Amino acid sequence: MESVQGKNIVLGISGGIAAYKSIEVLRRLVDAGAHVAPIMTADAHRFVGPVTISALASEPLHTSLWDDTSPIPHTRLGQNADVIVVAPATARVIAAFAMGLSDDLLVATLIATRAPVVLCPAMHTEMWEHPSVVDNIALLRSRGVIIVEPQSGRLAGGDIGTGRLADPETILQAIDQVLSNNKDLAGQHVVITAGGTREPIDAVRVIANRSSGKQGYAIAEDAHSRGAHVTLISTVDIPVSSGISVVNVETAQQMQDAIAHVANSADVVIMAAAVADFRPVLSVEGKIKKDQGIPAITLEPTPDILAHLGSTKPAHQVLVGFAAETANLVDNARGKLERKNLDLIVANDVSAPGVGFTHDTNAVTILSASGEMKSVALANKRTIATAVLDSVVKVQSARRLPS
Ligand code: C5P
């Protein structure tokens, strides 16, 4: 977190139950040497006390356009900021910011700034998925606002779903990323696959797997923020930053065809997708009816996309595979790395709690063809993404060294 030292950070806190988590973000930013000026909306006062925020902040707390001795606090705060972070960002703040409705100090400051803005939405699943919120988020993304996606988990009132404020670690990492302005993948074309393939049995049914695509998307976002031109070949539909090219596919064959178009020009290919190993030989047209009896489904292997990429890759390319294992993690992953001629393999033990499929967290061991091994303990998928791309950059740097 060296990047935040001495930086002016405006921390906007709006009125959601997750406001209590902003205290941790505030404390850690101040501990890391940032000058943090908090702005609370009127409703934020219902969830956290201004005394707590004032006591922890390194700059005065602001709460209104009118209470300040300065007549125009919003322009001063906006102009001085190196970054503005809103955690939590409610549906109202998101909408007001998107529409330019500067009816309180926080939104006025967001509109009055030229600094990068990091929004960390938190709300109930129904609200997060409402078309108005979805559209506002897409609009803000298209204007370059960084969105730290909410996570799924327990929400206020005991409901479970997507909408929980990202954990402080993820928020701090997004701030670090903005301020460190690391562009070590600038000018490179990075191709990433994400999600599980679906292989049709008939017009209705498919053979699928539990992959959510979240790890692949986290890698795509991280690569994009590091300056790469990113092509994301995906079986799932998750919002991404504008500037990332998404190609939607469903089957292993479609994924292979999509990769074939871009693989040769890619500097880095990361196969984070869970590609089916088998598919039905014949996909029945229409729906197999129950009264036709139990169908015998004969399977055949799908193309091994990664092995094909490994046997045809250009010399400059860094090829990364994933290995989801439930036993003998390192041995199995190293075998795969060698067999498929990869530069790196990211191994995860999907039987461990909180690891891999569907979770927001992961724990991995990254093995390289040159024999290096790096373990990353349970962390959010963006942290894992950063570690994977750090390893890619390391392989590239080693190649540039005279041998
Ligand atoms: O050998 P295994 O299927 O476990 O390898 C996993 C890795 O290979 C992942 O990176 C996955 O994306 C890739 N894969 C592939 N084509 C397949 C199966 C897996 O590219 N048919």
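The values are calculated or read from the model by the stated rules, or taken from the named source; none is laboratory data. Remember, predicted model here, so these are calculated numbers, not experimental data. FYI the Cβ positions are ideal-geometry reconstructions off the backbone, even for glycines, and counts take in every protein chain you see.
Kindly provide the set of residues from segment 148-172 that are in contact with a Pro (Cβ under 7 Å, 6 or more places away or on another chain) and either crowded, with 19+ Cβ neighbours inside 10 Å or over 14 Å from Ala18 (Cα atoms) (or both), ordered by number.
Hits for segment 148-172 are Pro150, Gly163, Arg164, Leu165, Ala166.
With respect to Gly78, determine if the residue is in contact (Cβ under 8 Å) with a residue 24 or more places away in the chain, assigned to a helix (DSSP H, G or I), in contact with a helix residue (DSSP H, G or I) (Cβ under 6 Å, 6 or more places away or on another chain) and closer than 15 Å to Val117 by Cβ.
yes
Restricting to segment 307-319, count the residues that are within 8 Å of the ligand (Cβ to nearest atom) and either surrounded by 16 or more Cβ atoms within 10 Å (Cβ to Cβ) or within 21 Å of the chain's Cα centre (by Cα) (or both).
The qualifying residues number 1.
Given (1) within 14 Å of the ligand (Cβ to nearest atom); (2) buried (at least 23 other Cβ atoms within 10 Å of the Cβ), identify the lone condition not met by Val230.
The number of the failed condition is (1).
Within the bounds of segment 292-310, is there any residue that is farther than 21 Å from Ala263 by Cβ and in contact with a Lys or Arg (Cβ under 8 Å, 6 or more places away or on another chain)?
yes
Looking at the structure I just gave you, is Ile192 within 20 Å of Thr386 (Cα to Cα), within 14 Å of the chain's Cα centre (by Cα) and either outside the structural domain of Lys290 (by TED's automatic domain parsing) or not charged (D, E, K, R) (or both)?
Criteria met by Ile192.
Could you list, in sequence order, the residues of segment 28-44 that are in a helix (DSSP H, G or I) and over 13 Å from Leu56 (Cα atoms)?
Those that are in a helix (DSSP H, G or I) and over 13 Å from Leu56 (Cα atoms): Asp43, Ala44.
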